[in-house]
Amino acid sequence: MESLKHWKQRMAEEANAGSKIISTPMGDVQYTEVGTGLPVLHSHGSPAGCDAGPRAFNNLAMQGGLQWITPSRPGFLKTPLEAGKLPEQQADMFVAVMDALGIEKAVVHGWSAGGPPAIEAAKKYPDRFVGLILYSCVAHHWGHRVTWFEKMILSDPGEWIFSLMQKMSPESFRKKTCEEMGLDYDYLKNIPESVAFIDQLFSFMSPASLRNPGSFNDIDNYRRIVDLQLEKISIPTLITFSHSDNQLPFSNAQEAADKIPNARLINFEYGGHFPMADPRSNYLNEEIIKFVTTCHNNPKKS
């Protein structure tokens, strides 16, 4: 049996594999980059980090000819929390990363708790971001009560225990994971790509100790949200969300669709909080690629 110490070391190495550190006026920022082509700046969720890019969006980047850039937001992995605690400051950090990489314009893509920083980037820098994608995102006040399951994934011992459970009883563990995340396992279990995604899901979140400063900062920030002023977004916006999402209520998608001028909402059925696990993921990827391409080639005309 793998010890907690060895597991934590292995998870840390995997989380930071392939990442780089870049110097910006806001401090050193860790990031990953996959693909080449049209730039997309990804604002990851929590608990996560720059490893979300290659782990979750590599196929999309390769399929669409996209340069997928994922900075670790402040407090996640190797980006210090002091680089920007507030969503507005994290938007500034995104632009600082783009400047350091020599990227003039990008589509900003927010996933889950990465929504508010992406929204702030879209509002504050419409000259740098040509489009906004809200991918199962927080878009209003989030007074989230942490469940026992989430308490487990917010601690190294808890995640380690889950890793052992996953090895001992993979089928039962998949079912429980899907139940927590709003995925329809009875439907998805017959789709090999979806099962593979479910099996590697906890790699996105481990080890918790390297991600918790950012995760708890997000929870604190989003409890204080009053109004994100979505109506001030002037760039083209694409929203994807599922009614079955157990992590965030669908009202996040509806409010964004209602308030952001000319926003388009795509609803999916089985993927819960993870659009890439949905049977329609190929369709969603095609729509994202078309959106990014149109935004870059015809700014503000998507």
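Any read-out appearing in this document is the output of simple, stated calculations on the displayed coordinates, not a laboratory observation. None of the values given here were measured: they were computed from a predicted structure. Reconstructed Cβ throughout: ideal geometry from the backbone, glycine too, with neighbour counts over all protein chains shown.
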Hey, what did the chain get for relative contact order, percent, Cα under 8 Å, at least 6 apart?
-> 20
Please report, in whole Å, how far the alpha carbons of the chain spread along each principal axis, starting with the longest.
-> 53, 41, 38
R0 = 25 Å: FRET efficiency of residue 243 with residue 149, Cβ-based, nearest 0.05?
-> 0.75
Percent antiparallel among DSSP beta bridges with both residues in the chain, to the nearest 5?
-> 25
Take the cross-link list 151/175; 20/290; 151/176; 175/290; 8/167 and give me the ones stretching past 22 Å between alpha-carbons.
-> 20/290; 175/290
Between residue 82 and residue 3, what FRET efficiency follows from the Cβ-Cβ distance if R0 is 25 Å, with the result rounded to 0.05?
-> 0.15
List the lysines whose alpha-carbon lies under 16 Å from that of residue 232, not counting same-chain residues fewer than 8 positions away?
-> 123, 124, 259, 300
Under the 7 Å Cα-to-Cβ spin-label approximation, residue 10 and residue 100 lie apart by a distance in nanometres of 3.1
Would you tally the net charge around residue 108, using a Cβ to Cβ cut-off of less than 11 Å, leaving residue 108 out, and scoring K and R as +1, D and E as -1?
-> +3
May I ask for the distance between the Cα centers of segment 1-73 and segment 100-170, given as a whole number of Å?
-> 12
Only helices counted: for the chain, with every DSSP H run of 4 or more residues adding -39500 (n - 2.57) and the sum spread over all residues, [θ] at 222 nm is -13000 deg cm²/dmol
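Taking the convex hull of the Cα atoms, report for segment 13-75 its projected area averaged over all directions, in nm².
Spelled out: convex hull of the Cα atoms, projected over all directions, averaged, 4.3 nm².
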How high is the FRET efficiency between residue 199 and residue 141 when r is their beta carbon distance and R₀ equals 41 Å, given to the nearest 0.05?
-> 0.75
In the neighborhood of residue 283, defined by Cβ-to-Cβ distances under 12 Å, what is the net charge if each Lys or Arg adds +1 and each Asp or Glu adds -1?
-> -2
Within segment 66-155, list the GluC sites (Glu not before Pro) lying in a DSSP loop whose Cβ has at most 16 other Cβ atoms in a 10 Å radius.
-> 104
If the viscosity is 1.567 mPa s and the temperature 4 °C, what Stokes-Einstein diffusion coefficient in µm²/s follows for segment 86-207 when Rh is the Kirkwood radius over Cα pairs?
-> 77
Where Rh denotes the Kirkwood radius from the mean inverse Cα pair distance, what is Rg over Rh for segment 167-302?
-> 1.01
Filtering trypsin sites (Lys or Arg not before Pro) in segment 188-283 by DSSP loop and by at most 13 other Cβ atoms within 10 Å leaves 224
